[in-house]
Structure formats: structure tokens, C-alpha cells
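Reading through the C-alpha cells given below for one structure.
Here, each number is a calculation from the coordinates, and none is a lab measurement. Because the structure is predicted, anything quoted here is derived from the model rather than measured. Reconstructed Cβ throughout: ideal geometry from the backbone, glycine too, with neighbour counts over all protein chains shown.
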Amino acid sequence: MNKILVVEDENILREVIVDYLIDDGYQVLEAADGEKALELFQSNSVDLVILDIGLPKIDGWSVCRRIRKNSNIPIIILTARSDEDDSILGYDLGADDYLVKPYSPRVLMAKVKRFLEKYSDTVDETLTSAGGININIGSRLVSVDGIVINLTHTEFEILAYLMKNKGIVITREQLISKIWGYDFYGDEKTVNSHIRNLRAKLGSKGSCIVTVIRSGYKFEEEQL
Ligand code: CA
């Protein structure tokens, strides 16, 4: 059974999320502040985190950053701010998706399901290799020239999709519908932000992800 950590200081909002999750058959851990959230995260095997930003003790951004130091699990941010810069900041810290309050609990549940399904979907040990980058779809391990690198859930999905479609231009719209689904709240800037992080992590192989002006991206092996 998938275990989900819900971090929200407003009791009523938290209870609504928890009720929906339990109805959908998930096991739930609850925290009303950032300190408790990190404590629960460290002492449990959590599959996904739903994380409010405005929290007592330790704020959501710091919680997100600390979880990302040890884990690639999906993190969905709940934010009261609709400011675009804040959302982009969330992705730079490694969040996979976000919802702006007030959000629909059903949309949140659809996102949870989508992230967790992708996890269990990928049971095959398919290996994809190109340009010195190796990815294992089953174990979600990525290595660059033999050295394992850490990608977030979403960065992994983007890289795997581009590599599977090597040499083909993938538009930002295609990436959005493939990775986040049709109910995605973000926009193309969010995609750009993930691509930027992904390239940085790939180091010298970051140039394999080529920007195609006014179209999107494609994966290309380096020309020797
Ligand atoms: Ca709050």
C-alpha cells in the first residue's frame, strides 16, 4: 500500500486531503508543521509527499529542499501564492508539481494517482542508452559515463521520454501532457525550468538535450 505524507497546518484542509486519500485506499501520515514532517519522513518509507508552503517551524520550501537531499519521490506543493516566480522556485527546489489554493481535492487525487501509477507502471527492466547516458526504467537509475546521478521523479520522466524518442522533436505541449497530464496548472516556463535543472545534472552530457527554437526539445547523441 502506498504511504503518503500530508503536510498542512490548516486542520480542516489537512483533514479533507486525508479523508480523500483514505477513501482512495492510501496509507496516510500527517504533519501540521515542517519539523514534524521531516521527522515522519525520516522514520517512515514514504512514497509521495503533499506539501503546503506556509508552515510553522520550518517552511515548505526548506522541507522540500531537505527531502530532496535524500530522496527522489514525487513532491506535490500546495501554495497560497499564485505568483509565478514562487512556482518556478518550487521546481528549482525539486518539486514535481504544484496546486494553487483553493484547489479541487479531486484534481489533487488525480495527480497523486498519476504519480504513483507511473511508479508501479515501470516494472520492466528496460534499459535505454544513448550518448553516454544510461537509464534503467525499472530501477529508475541514471548514469552518465558510468557515474550514477540523482534525478527527481519528473526529471527522470522527461529524460526517459526524450531518450525513447531520440532525434524526434518533442513539443513542450507534448511533454506537459505526457508528464503532468491535461489538468496541469503550470505553463511552458515550468517545462523550461525542469529542462534547465536536468541539463545541469547531466553535466557535460546536458548538451544532448537540444532546444529546437519555437518547437520544443529533442535528444541527440553528441557528434564526435
Ligand atoms: Ca499553511
Problem set entry | Percent antiparallel among DSSP beta bridges (both partners in the chain, rounded to 5) | 50
Seminar exercise, completed: Unit-weight point scatterers at every alpha-carbon of the chain, Debye formula, q = 0.10, 0.15, 0.18 1/Å: log10 I(q)/I(0) is -0.45, -0.99, -1.36
Exercise. Quick one: what does P(r) look like for the stretch 24-68 with 5 Å bins over all Cα pairs, in whole %?
Worked result: 5, 22, 37, 22, 10, 4, 0
Exercise. Which links in Lys57/Lys178; Lys36/Lys164; Lys3/Lys166; Lys57/Lys218; Lys3/Lys57 stretch past 32 Å when you go from one Cα to the other?
Worked result: Lys57/Lys178; Lys36/Lys164; Lys3/Lys166; Lys57/Lys218
Seminar exercise, completed: With the charge dipole of the stretch 1-65 built from beta-carbon charges (+1 for Lys and Arg, -1 for Asp and Glu) about the Cα centre, the Cα from Phe41, Pro56, Val18 projecting farthest to the positive end belongs to Phe41
For this session: For the chain, give the magnitude of the charge dipole about the Cα centre (Cβ charges: +1 Lys/Arg, -1 Asp/Glu; no others), in debye to the nearest 20.
Result: 700
For this session: May I ask you to derive the FRET efficiency for Val212 and Ile12 from their Cβ-Cβ distance with R0 = 45 Å, giving the value to the nearest 0.05?
Result: 0.45
Seminar exercise, completed: Exposure-ranked with fewest Cβ neighbours within 10 Å first, Ser71, Ser215 stand as Ser215, Ser71
Exercise. By how many nm would the segment from Asn150 to Ile168 grow when fully extended, if each residue of separation counts as 0.36 nm and the alpha-carbon distance is taken off?
Worked result: 4.0 nm
Seminar exercise, completed: Site Gln42, offset 7 angstrom along Cα→Cβ, radius 20 Å on amide nitrogen, limited to the stretch 1-23, gives 4-8
For this session: Obtain the nm distance between the two label points defined at Asp19 and Val107 by a simple spin-label model: each point lies 7 Å from its Cα along the Cα-to-C-beta direction.
Result: 2.0
Problem set entry | For the stretch 127-189, size of Cβ-based charge dipole, Lys and Arg +1, Asp and Glu -1, in debye | 200
